[in-house]
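Here's the structure we're looking at; comments come further down.
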Amino acid sequence: MSVHRGSAILGVGAYRPARIVGNDEISGTIDSSDEWIRRRSGIVTRRFAGPEETVVTMAAEAARKAAAQAGTDPRDLDVVLLATMSLLRQSPPGAPQVAELIGARPAAGMDLNAACSGFSYALAVADGLVRAGARRVAVIGSERMSDLIDSTDRSTAFLFGDGAGAVVVGAADTPGIGPVVWGSDGSRHHLIAHDHAWGAGDTHPYMRMAGPEVFRWATEAVPDISRRALAAARTEPHELAAFIPHQANLRIVEAAARSLALPAHTAVARDVVQSGNTSAASIPLAMEALLARGEAGSGGRALLAGFGAGLTYAAQVVTLP
């Protein structure tokens, strides 16, 4: 294999489950209201997957669309990376199954769990793989967060949704994926975590979150890693066509955009309003939505920023496909 100077995102695809769930359907089980949910999170709707819409099948649909947009035959994919935290079966990994479904066999397949930072982590891995000689790499974020959430939990039940987003990364003479700025803080792992391990209790483990503490951390961490990623990519805020952070909460998105003093022409992703928090799927879903609506054009620079359980975080500047 030849070594490449750089990599770029060649295509993007998305899969959104058919079922749309409004706030009124959620609020009854958590003694809340549509107004309270909108005020706390900005979320109006989210998608919940049906029985046949699994982490793997949703990932495959998003990857097919990304490959088609990239003009890539799935047989030319050397690696399939699946970022997810909601694949309930720990073994086997999901990525090889995705590769089989899209016709990418015998591509290497690997799952990556960095929670809501998963897509940004996987994108950095794909960049390294392509630089090392891989022809094409599919990077997918796919989540069925509805499987992990207690519908009576007032701190999490209204936040999360399901879906999948994907990109295809390939070689580029001019690098289109900037240096990643990433890290973790394991001392605060308990702030977003399952309430017990699988098999350790009599009930299904659910994800719990210390909402106020996570909000305070995110509103500090996102602007910090964003500025560092911009500096690493030698990019100024006014040069950005789009800001696409993890869609955790509209208040976090808006606070980060204000802190970065983004100009009016920079499109800020607000897919959380319609999709909720889809963890590792949220950045590619939001990217696809911005491009589909024409709010950000092909060839523009976008700042991506992931953050979540672990605690993990990652950011990079990319050129939009």
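The values are calculated or read from the model by the stated rules, or taken from the named source; none is laboratory data. Bear in mind that the values here come from a model prediction, so they are computed numbers and not experimental data. Neighbour counts run over all protein chains shown; Cβ positions are idealised from the backbone, glycine included. What goes into the accessible areas is simple: the full protein's heavy atoms, side chains included, and nothing from ligands, DNA or RNA. Shrake-Rupley method; radii C 1.70, N 1.55, O 1.52, S 1.80 Å.
A residue that is surrounded by 24 or more Cβ atoms within 10 Å (Cβ to Cβ), in a helix (DSSP H, G or I), in contact (Cβ under 8 Å) with a residue 60 or more places away in the chain and in contact with a Phe, Trp or Tyr (Cβ under 7 Å, 6 or more places away or on another chain) occurs somewhere in segment 223-243. Residues of segment 187-208 that are closer than 17 Å to Asn277 by Cα, in contact with a strand residue (DSSP E or B) (Cβ under 6 Å, 6 or more places away or on another chain) and open to solvent by 40 Å² or more (accessible area, probe 1.4 Å): His194 alone.
Determine which single condition Ala114 fails, assuming it passes every other condition in (1) touching a Leu at 6+ places or on another chain (Cβ under 9 Å); (2) under 24 Å from His246 (Cβ atoms). With (1) touching a Leu at 6+ places or on another chain (Cβ under 9 Å); (2) under 24 Å from His246 (Cβ atoms) applied to Ala114, the lone miss is (1).
Of all residues in segment 76-134 being β-branched (Val, Ile, Thr) and assigned to a strand (DSSP E or B), which is least open to solvent (accessible area, probe 1.4 Å)? Outline the logic, then answer.
Initially, segment 76-134 is screened for residues β-branched (Val, Ile, Thr), giving 79-80, 84, 98, 102, 125, 130.
Add one more test, that the residue is assigned to a strand (DSSP E or B), and what stays is 79-80.
Values: Val79: 21, Val80: 0 Å².
Among them, the one singled out is Val80.
Looking at Ile149, is it open to solvent by 10 Å² or more (accessible area, probe 1.4 Å) and either in a loop (DSSP other than H, G, I, E, B) or not hydrophobic (A, V, I, L, M, F, W, C) (or both)? So Ile149 passes the test. Residues in segment 1-52 that are more than 13 Å from Ser275 (Cβ to Cβ) and among the charged types (D, E, K, R): Arg5, Asp24, Glu25, Asp31, Asp34, Glu35, Arg38, Arg39, Arg40, Glu52. Being touching a strand residue (DSSP E or B) at 6+ places or on another chain (Cβ under 9 Å), open to solvent by less than 40 Å² (accessible area, probe 1.4 Å) and closer than 19 Å to Arg216 by Cα holds for only one residue in Leu303, Leu260, and it is Leu260.
When you look at Gly50, is it surrounded by 21 or more Cβ atoms within 10 Å (Cβ to Cβ), of a type outside the set (A, V, I, L, M) and either part of a loop (DSSP other than H, G, I, E, B) or under 19 Å from the mean Cα position of the chain (by Cα) (or both), yes or no? It would help to see each step written out before you state the result.
Details: surrounded by 21 or more Cβ atoms within 10 Å (Cβ to Cβ): no; of a type outside the set (A, V, I, L, M): yes; either part of a loop (DSSP other than H, G, I, E, B) or under 19 Å from the mean Cα position of the chain (by Cα) (or both): yes.
Here the answer is no, as Gly50 does not meet what is asked.
Table: residues versus (1) free of Cβ contacts under 8 Å to residues at least 12 places away in the same chain; (2) open to solvent by 70 Å² or more (accessible area, probe 1.4 Å).
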residue: Asp24; (1), (2): yes, yes
residue: Glu35; (1), (2): yes, yes
residue: Thr54; (1), (2): no, no
residue: Arg64; (1), (2): no, yes
residue: Pro74; (1), (2): no, no
